[in-house]
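Here's the structure we're looking at; comments come further down.
What follows is calculated from the coordinates using simple rules that are stated; it is not laboratory data. As the structure is a prediction and not an experimental result, all values here were calculated from the model. A quick note on method: Cβ atoms are made from the backbone with ideal geometry, for glycine too, and the neighbour counts reach across all protein chains shown.
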Amino acid sequence: MDSRSELREFLTSRRARITPQQAGLPHYGGRRRVPGLRRDELANLAGVSVEYYTKLERGNAQGVSDSVLEALARALRLDDAERAHLFDLARASNTTARTRRRASQERVRPGIQHLLDAMPEVPAIVQNGRLDLLATNKLSRALFADLLDEASKSRSADGVPNFARYTFLDPRAHERYPSWTRTAGDIVALLRTEAGRSPDDRKLNELVGELTTRSTEFSAMWATHNVRWHTTGIKELHHPVAGDLTLAYEGLELSDPGQTLVTFTAEPASRSEQALTFLASWAALPDPAGRDQRVRAQPADGNA
């Protein structure tokens, strides 16, 4: 990815979403030529010259100070993820300050796998910044069965399942994610964040190129330049065996570079907890025939 272009387009997109009224600037009426702030207005709010800001928005971050980036972040009302992304893009486009990030490890340590397996009642996975699925436990394999099966279009050339490929290229994803648009938007924002942190990641660049070419929905979402962190939130799923689940997820960064442990839990005494318990018992059955029999025995509404 062209880091200078990424910086230019991110700043332009953030500037376009802030109105003069939101920024506390006087409104004189009349029609404006730009949807958000003008360059001179943003420069004034950040306390820099128009020439200096224009240089930044053209992708030239040579010698830019942290204090200037902080001022821009405040003027643009960036959240924590966006602020970090701005700093990442500035460092990446500044050739004198650019340092290569430690490559993400794709092999999960045995101790981490043992930890996953020690949580039989909690779906738990390990993924990297590209959203490759690196490790699972039994319940998460049941929860994300579509992603892992042989019919899935989620696999990379080296056979690693990927949540982004599944979401945008596997037609079953629209049924599995009741709030597909929101889920897809979150995935694109996570990949955008990772692209800012790791602009030299060849596999990430290939993934983005593939999805941009093969999915118009991905391409449109990618152009928004939205970013976010994968720390906590709610995921809605429709499972063909367990029915509808609303699960809270927590993402914990591991000491291994680029790896995140993600767990999924249901609200106590909720229908989602019942469905998750049902899924755990189904996953524990020893053979496919037994599982098929258990599926036929489930309630008609598809929930445990």
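Restricting to DSSP H runs of at least four residues, report the calculated mean residue ellipticity at 222 nm for the chain, -39500 (n - 2.57) per run over all residues, nearest 500 deg cm²/dmol. Don't skip to the answer; put the middle values down first.
Details: 15 runs with 143 residues, N = 304.
Helices in the chain give a 222 nm mean residue ellipticity of -13500 deg cm²/dmol.
Could you let me know the centre-to-centre spacing of the range 1-53 and the range 211-236, using Cα atoms, in angstrom?
Centre-to-centre distance over Cα atoms comes out at 24 Å.
Taking the range 78-233 on its own, what percent of its Cα-Cα pair distances exceed 18 Å? Don't jump to the answer; show the numbers that get you there.
On the way: 7505 of 12090 pairs.
I get 62 percent for the Cα pairs in the range 78-233 exceeding 18 Å.
I'd like the Karplus ³J(HN,Hα) series for the range 147-159: coefficients 6.51, -1.76, 1.60, θ = phi - 60°, whole numbers in Hz, and an x wherever there's a Gly or Pro.
So the J values, rounded to whole Hz, are 4, 9, 6, 5, 7, 5, 9, 8, 8, 7, 4, 8, x.
Once R0 is set to 25 Å, what does the formula 1/(1 + (r/R0)^6) return for the Cβ-Cβ distance between GLU217 and VAL34, expressed as a FRET efficiency to the nearest 0.05?
Step by step, r from the Cβ atoms, then E = 0.40.
Take the range 3-93, drop everything but the C-alpha atoms, weight them equally and run the Debye formula without solvent; then report log10 I(q)/I(0) at 0.18 Å⁻¹ to two decimals.
Here the Debye-derived log intensity ratios amount to -0.74.
Over its Cα atoms, what ratio of radius of gyration to 2.2 N^0.38 Å does the range 32-145 give?
After normalising by residue count via 2.2 N^0.38 Å, the value is 1.61.
Residues of the range 185-227 with the amide nitrogen closer than 20 Å to a label point 7 Å from the Cα of ARG77, along Cα-to-Cβ, please.
224-227
Can you give me the angle between helix 180-197 and the longest principal axis of the chain, using Cα atoms only, in degrees from 0 to 90, rounded to the nearest 10?
Orientation of helix 180-197: about 60 degrees from the principal axis.
In what sequence, highest mean first, do 194-200, 235-241 appear when ranked by Cβ atoms within 10 angstrom?
194-200, 235-241
Roughly how many whole Å is it from the C-alpha centroid of the range 142-185 to that of the range 65-81?
Taking the Cα centre of each part, the range 142-185 and the range 65-81 sit 35 Å apart.
In degrees from 0 to 90, rounded to the nearest 10, what is the angle of the helix 202-214 Cα long axis to the longest principal axis of the chain?
So the inclination is approximately 80 degrees.
Grab the Cα-Cα distance for GLU206 and SER65, subtract it from 0.36 nm times how many residues apart they are, and report the gain in nm with one decimal.
47.6 nm
Taking 0.36 nm per residue of separation and subtracting the Cα-Cα distance, what length does fully extending TRP180 through LYS138 add?
12.6 nm
When the Kirkwood radius is taken over all Cα pairs of the chain, what Stokes-Einstein diffusion coefficient follows at 37 °C and 0.692 mPa s, in µm²/s? Walk me through the intermediate numbers first.
Numbers: Rh = 21.4 Å.
In µm²/s, the coefficient is 153.
Cut-off 20 Å, label point 7 angstrom out along Cα-to-Cβ of ALA284: give me the residues of the range 240-257 whose amide nitrogen falls inside.
241-243
Output the 0 to 90 degree angle, nearest 10, between the alpha-carbon long axis of helix 3-16 and the longest principal axis computed from the alpha carbons of the chain.
Helix 3-16 and the main axis of the chain meet at about 80 degrees.
Note down the nm distance, to one decimal, between modelled labels 7 Å out along Cα→Cβ at ASP149 and at GLU9.
Distance between label points: 3.5 nm.
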